[in-house]
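Everything below concerns the one structure shown next.
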Amino acid sequence: MIESVAMGGRPDEVRAPLAWLTEVERERAARFRFEADRAAFVAAHLLIRMCAGEVLGKPPRELTLLQRCPVHGPGHGVPYLAEAPELGVSFSHTRGYVCAAAGPGKVGVDAERVGSGPVDAALAERVLTAAERAEVTGPEDLIRFWTRKEAMIKRGELTLDAMGAADLVLDGLHLLEWRAEPGVMVAVVTDSRASRRPIPHYA
């Protein structure tokens with residue numbers, strides 16, 4: 001099976017022409033009030049094309065990223081590529097960090113920051129089962145569970161409402177994780193083995 005590809009880094013490390021973006025993506029980017037949010041949005045949308053290009057063996061500039069959502073319309077919802085709708089693609093961003101992944105079948109990726117201090121009890125209660133909470137000894141354990149579950153949501157195999165009621169099950173799936181400084185944890189869940197690749201520069 002074709003290997004899945006994941007990438008991650010600071011928004012300013014994702015260098016590619018804005019011309020890659022669709023008109024819908026450019027319009028959405030222009031609506032952000034804060035430049036940091038706009039930069040993260042743009043970087044994530046460029047990065048997902050780079051990941052997919054690696055998997056497909058195609059130039060990222062030739063890939064059209066679309067999203068489908070019956071409620072909010074174009075530019076929202078589950079992402080997919082017009083040229084390869086069967087390819088799984090996913091992206092995520094947290095303050096100062098973006099990541100993306102692409103591969104055959106279903107793909108889910110999530111990035112979250114690890115807080116300092118004690119475990120956020122309210123968050124743990126909302127996203128973890130009792131058995132999972134028993135395994136949490138610090139903020140990093142909590143965020144590790146959270147990113148994995150969010151990745152499963154991106155794959156369409158879990159919902160926000162069910163996070164705290166369903167134990168995480170990864171049987172038969174491939175999990176790729178890394179820690180990015182300062183204090184960011186990333187989880188990628190794919191159907192095929194995934195590898196993290198360096199971000200190529202196109203501009």
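Counting residues in region 181-194 that are crowded, with 17+ Cβ neighbours inside 10 Å, small (Gly, Ala, Ser), at pLDDT below 95 and over 30 Å from PRO104 (Cα atoms) gives zero. Taken together, the criteria place ALA102 among residues that are surrounded by 20 or more Cβ atoms within 10 Å (Cβ to Cβ), in contact with a Cys (Cβ under 8 Å, 6 or more places away or on another chain) and of a type in the set (A, V, I, L, M, F, W, C). Filtering region 32-65 to residues that are over 14 Å from VAL5 (Cα atoms), without any contact (Cβ under 8 Å) to a residue 12 or more places away in the chain and surrounded by 14 or more Cβ atoms within 10 Å (Cβ to Cβ) leaves PHE32, ASP37, ARG38.
Inside region 19-56, can you point out the residues that are over 25 Å from GLU112 (Cβ atoms) and assigned to a helix (DSSP H, G or I)? Correct list: ALA19, TRP20, GLU23, VAL24, ARG26, GLU27, ALA30, GLY53, LEU56.
The values are calculated or read from the model by the stated rules, or taken from the named source; none is laboratory data. Only a predicted model underlies this, so the values are computations on that prediction, with no experimental measurement involved. In this analysis, Cβ positions are derived from the backbone assuming ideal geometry, glycine residues included, and neighbour counts consider all displayed protein chains.
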